[in-house]
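**Student:** Structure below; questions to follow.
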């Protein structure tokens, strides 16, 4: 199979915690021909199980995989472990006697089933009534044009103990509408869309972290930086807990900020301080918010794509690539215009140009990171071609970044 790109999209619960992933692939040639994405269940499942490993791609969560009638009716489906996947039936599968029997067999054998991209109307309620008892989820694209009558459809599905996943939730307006409709889960990068509010100011803890960030990147002496940390005990405690969590590996436990600065270095601590801001965003109950995991993914991709293009890249440029990734969602976090936030912190013109105008090599790489999230395979293909990258370079780096996210989220499970 040629020119195939494997990716995943997050599914969040009502508290904005990461619940699951949808796993999918896109054929680059089909994308270039502007044909609709097609999905191959066997390709996705085989790669997750045998090539990359479920922990690397899914962590402790399940992956939704779209399946067609051919795969549904193949006996190979029973050889797949029940623990890792949700089989999401495409809507072109006819609900006939054979399909009903197969769905009942799957449910009896412990598999989790869903309907993919079902329109919320009475016609589909009638179509899927024979298999409601076997379904755990229905995924439906939510737009502002979706009829308010969909609330009644969703209520009917919930009576059948079916949970609703609102798909294509790409901004806050659609997210709020999906909540109003009664969706249980949400798919899309709505949490990464900045909602600019007038007269919104930084929270004190956020501003304190930005101040510490500036001190670390400037020429302040170590005693001045240590004193500033001591003025912010909550930040200090969180940072020490993070350094000692297992993600970093030192022979002895670190017990002071002075020790951290000596062993880890100012720049690294500045970068992780910024991550700590994200760790408090979006989710109020999970250890690491989806926004923070998205930032880990972006920073990893920024650095690794740069190294693929320039194997002899210097550390200062790698640091700039990291900062582009780490600051790329700061406007979402602070509810302010990106340019206004960047005016308050000390960053290079190359980082600013990449973030604000997608200019320069860092801007190109940042654009490509966004393309991976948008599943724009044509743009990724053209980027690889322009920079003479080998076949599947970006796809492999995306998968490598997924693995890094899982290691960050579960550092003690390697």
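Bear in mind these aren't lab numbers, they're just calculated from the coordinates by the rules spelled out. The shown structure was predicted, so the numbers you read here are calculated from the model rather than taken from an experiment. Cβ: placed from backbone, ideal geometry, glycine included. Neighbour counts: every protein chain shown.
**Student:** Fewest Cβ neighbours within 10 Å first, please rank 236, 143 accordingly.
**Tutor:** Ordered from fewest to most neighbouring Cβ atoms within 10 Å, 236, 143 come out as 143, 236.
**Student:** Taking neighbour counts of Cβ atoms within 10 Å as a proxy for exposure, in what order, fewest first, do 168, 183 appear?
**Tutor:** 168, 183
**Student:** Okay, next question. Spin-label point model (7 Å from Cα, Cβ direction): what's the residue 223 to residue 344 distance in nm?
**Tutor:** Distance between the two pseudo-spin positions: 3.0 nm.
**Student:** OK, next. As a footprinting exposure proxy, order 103, 138, 146 by other Cβ within 10 Å, with the fewest listed first.
**Tutor:** 146, 103, 138
**Student:** Further, regarding this structure: Mind giving me the nanometre distance, one decimal, between the label points for residue 132 and residue 378, set 7 Å out from Cα along Cα→Cβ?
**Tutor:** Each label point is offset 7 Å from its Cα along the Cβ direction, giving 4.2 nm.
**Student:** Fully extended, how many nm does the chain gain between residue 262 and residue 314 (0.36 nm per residue separation, minus their Cα-Cα distance)?
**Tutor:** Extra length from residue 262 to residue 314 when fully extended: 16.5 nm.
**Student:** Provide the FRET efficiency to the nearest 0.05 for the residue 359-residue 97 pair, computing r from the beta carbons and using R0 = 56 Å.
**Tutor:** The computed FRET efficiency comes out at 0.40.
**Student:** Can you pull the one-decimal nm distance between simple spin-label points at residue 211 and residue 117, each 7 Å off the Cα toward Cβ?
**Tutor:** About 5.2 nm separates the two model spin labels.
**Student:** Now a separate question. Quick one: in the range 4-192, what % of C-alpha pairs are over 20 Å apart?
**Tutor:** Counting pairs separated by more than 20 Å, the tail of P(r) holds 55 percent.
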